[in-house]
Amino acid sequence: MQMGHYLPRGLPEALHGLASLALDLRWSWNHGADDLWQAVDPDLWRATANPWLILESVSDRRLDELTHDQTFLQALQRQLAAREEHFQAEAWFTSRYGATFSGQIAYFSMEFGLSESLPIYSGGLGVLAGDYLKTACDLDVPLVGIGLLYQQGYFRQALDAQGGQIEFYPYNDPTMLPVVPLRGDDGEWVHVRIELPGRTLSLRSWRAQVGRRTLLLLDSNTLLNGPGDRGITSELYGGGPELRLQQEMVLGIGGWRLLEQLGIDCPVCHLNEGHAALAILERARHFMRCTGESFRVALCATRAGNLFTTHTPVVAGFDRFPPRLFARYFQDYAAELGVPMEELLALGRCHAGDAGEAFNMAYLAVRGAAAVNGVSRLHGEVSRGILQSLFPRWPRHEVPVGHVSNGVHMPSWDSAAADALWTRACGKARWRGTLQKLEAALRQIEDEALWRFRMEGRQRLIVFLKERLVRQLRVRGASGEQAGEGAEVLEPDVLTLGFARRFAEYKRTNLLLQDPERLLRLLGHRDRPVQLVIAGKAHPQDREGKRLLRQWQDFFGRPELRGRVAFVEDYDLVVAGQLVQGVDVWINTPRRPWEASGTSGMKVLVNGGINLSELDGWWAEAYTPEVGWALGDSREHNDVAGWDRAEAEQLYQLLEQEVIPCFYRRDESGVPREWVGRMRESMVQLTMQYSSNRMLREYVEMHYIPLAEAYRRRTVKVANELHQWYGQLQQHWARMHFGNVVSNRTGSGYYFEVQVYLDDMPPQAVAVELYADSAPGRQPVKQALQRGEPLAVTATAYIYRGSVPADRPVEAYTARVVPLHAEAWVPLEANFILWHR
Ligand SMILES: *Cc1c(COP(=O)(O)O)cnc(C)c1O
């Protein structure tokens, strides 16, 4: 792939460096070059903050002037040198694994939220993926992103005069986006082709630069395709199941094909949510073509390098396709893989033979991965529950789903003031290594400095909000004067609560509205006032979400409020950035356990905001009383309406009795010491832990490195062995059974002798274990037994022996047989299990 200079237009030679700066989305978090763009075109810079757009728009005359501006040229050279230096500096991954790791990690995601200037995301999943790429740049993890370039992306929001949501789908003009066509070494624009029923779909490829990382994007809007197909990559999360399947084929199949076409060696393929699971099939298909092996062997060989991250807390959240639809699209593909359609469908089903069962992308992802993880500790647990059906009779805690808690890219979410504060305390390179020394440094900051920092953060938010509100009001038809008055609402010294999120039912965005009169009293209190800032979109087809939105708008219309509230339209990365930098308290009220992780609350940490949240997602593991406030009782509740009322009551009480008094309790110098103490603990204890730096290092250490090694070990020979092993398990499992099981008390333990009849299966293919469930105060026990001599009567039965501690009754133990192979993940790759009782 050509990575050299791309020139958008006839740039004078002295300014060529501007193109590489403008195309590098690193400007979305590193603001070193801001002055440069400001100098090129101050008006455009203020309006868009998008260097690429500035470069595409600025006049030739201005460019010519700049070539004679020595100050400008020197500043440009300095920025280019700084960028080069940044890329050359050793970062965590290179110093640790640089010498041993080869190839790239392919990171697939349906959306990427990197910057407003590249609007190809809708919400949390995309923002996470964007933060992930940026962190891969910081830590120099060799990772390449794969996604779709949407012509319209996700909708943009405005409100009408009645508070109803209006949706816009502005066209993404690729020449105005910071992406360039991906060209091969011969200069030809790289195209990828995939087969759809009766036709071939052509896909254009694009490249976005994220520091030293690359994001590859595909789109179908080329004249080579029919008019219907040109729109496949038009909208994000629009259309019905067929369009979704087409998009997921483009992402999974097209994406993997692109990597192969470019010759990028990817030992690890990371599926960020199930949307891209078809990459598993394409990876196996490619392996078949290279080696001539069967599909099953190829799947076995390649799955060793696949990682699946699930973000869904309920079964209904998985993408599922009607089997007829899937079969229509995969008829030829199945033939090419040499497997019957039923076998392909079975990969996406819980019950292989159930012809009515839909094709579930998460199931395919589990069946084609070597590791599966949820995105918070609680979500790991929840996911083990919802994926348990794929591992029948295995104890819930052994369902092979772990967790890596999400984190956010702090350099993208900190304010300029926060950046300065942290830099003074911890240095400039603080997010590029491990984070061990930061805590002590932060504890040195004085209360007064922290409080001043907080006050200024809130004040800047108010300035932003006023400008935004004037604009919103003008668009809705207010005169300049009316709009000015309408925006004279918020005050710089008032406790500011905020939240921004999707208006979806489970987010319970209206929990605070359960008792509107009480909320009014709270906001309008004369001595201890409170103000509230809200943003969020409802999915265009979500009527309940729209109802919640309107409920807030009705409330905002109450004259008694006298402007203690603001709703910011069109929640996006910019709005999110401003809110998390400015609010004092971030409120989150999802219905447990529906929030897989939630990341918006993590973004306030670095800026000194404090969380008040339901004990769900990340907060369920992060919360302690020193760092914030918690809602709920760490349990799920069936009486939804009743529990909502109870939690609303809890929320009002928390605000009235703890949060508000704490904020207004000042000492003689005007500093709320207790508040600042909580702020400091939240910053010190949580910022590093919920940074994407920690998250990505965990993915590398727990998954990427082990998977890459496993994948390299899984040669054709090993894959064939595993395939044969699996065949034996399949053949003999149903006829395997236990003989006598006896136990004796011996000193401090129980001694067991267990007879197992293996039905001709080689004994090294299985393990016999004693198992005891967890008991109050006790972990579950799993103890492998030693294989002894064969039983005299038959050569395929053995005695197994071993001891376990006698810290629980002997009946608590039971024997079981499970598959065993040094190179296999059990039960992920072989879910057989036989219990004695
Ligand atoms: C962080 C972020 C999200 C995710 O927020 P949660 O409600 O915590 O899931 C969604 N949208 C935008 C624009 C964000 O910045």
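The values are calculated or read from the model by the stated rules, or taken from the named source; none is laboratory data. Just so we're clear, the structure is a prediction, and the values are computed from it rather than from any experiment. When we count neighbours, we look across all protein chains shown, and the Cβ atoms used for this are built from the backbone with ideal geometry, even at glycine.
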| remark: Taking the range 124-157 and keeping residues out of contact with any Asp or Glu (no Cβ under 8 Å at 6 or more places or on another chain), within 13 Å of the ligand (Cβ to nearest atom) and of a type in the set (A, V, I, L, M, F, W, C) leaves Val127, Leu128
| request: Scan (1) touching a Ser or Thr at 6+ places or on another chain (Cβ under 6 Å); (2) closer than 20 Å to Gly126 by Cα; (3) not small (Gly, Ala, Ser) for the single condition Arg283 breaks and write down its number. | output: (2)
| remark: Filtering the range 193-236 down to residues that are hydroxyl-bearing (Ser, Thr, Tyr), farther than 22 Å from Ile264 by Cβ and surrounded by fewer than 20 Cβ atoms within 10 Å (Cβ to Cβ) yields Thr200, Thr222
| message | I'm checking my understanding of the structure. Among residues of the range 293-314 that are hydrophobic (A, V, I, L, M, F, W, C) and under 18 Å from the mean Cα position of the chain (by Cα), which one is surrounded by the most Cβ atoms within 10 Å (Cβ to Cβ)? | response | Phe308
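Does Val366 meet the test of being within 15 Å of Ala830 (Cα to Cα) and among the β-branched types (Val, Ile, Thr)? Talk me through it step by step, then tell me what you get.
Working: within 15 Å of Ala830 (Cα to Cα): yes; among the β-branched types (Val, Ile, Thr): yes.
Here the answer is yes, as Val366 does meet what is asked.
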| request: Would you list the helices (runs of 4 or more DSSP H) that sit entirely within the range 491-591 and hold 1 or more residues that are more than 30 Å from Trp422 (Cβ to Cβ) and away from the ligand (no atom under 16 Å from the Cβ)? | output: 516-523, 543-556
| said: Checking the condition touching a residue at least 24 places away in the same chain (Cβ under 8 Å), polar (S, T, N, Q) and buried (at least 18 other Cβ atoms within 10 Å of the Cβ), which residue from Gln531, Gln514, Gln459 passes? | reply: Gln531
| Can Arg62 be described as assigned to a helix (DSSP H, G or I) and closer than 30 Å to Leu435 by Cα? | no
| Residue ranges of helices (runs of 4 or more DSSP H) in the range 611-678 with at least 1 members under 30 Å from Gly380 (Cα atoms) and of a type in the set (A, V, I, L, M, F, W, C) | 619-622, 640-653
| said: Restricting to the range 133-185, give me the number of residues that are in a loop (DSSP other than H, G, I, E, B) and either out of contact with any Leu (no Cβ under 6 Å at 6 or more places or on another chain) or of a type in the set (Val, Ile, Thr) (or both). | reply: 20
| Filtering the range 592-631 down to residues that are more than 13 Å from the ligand (Cβ to nearest atom) and modelled with pLDDT under 95, which residue is surrounded by the fewest Cβ atoms within 10 Å (Cβ to Cβ)? | Pro593
| message | Any residue that is small (Gly, Ala, Ser) and in a loop (DSSP other than H, G, I, E, B) - is there at least one of those in the range 239-260? | response | yes
| note | From the option list Gln783, Gln764, Gln779, Gln755, single residue qualifying as loosely packed, with under 13 Cβ neighbours inside 10 Å and at pLDDT 95 or above is Gln764
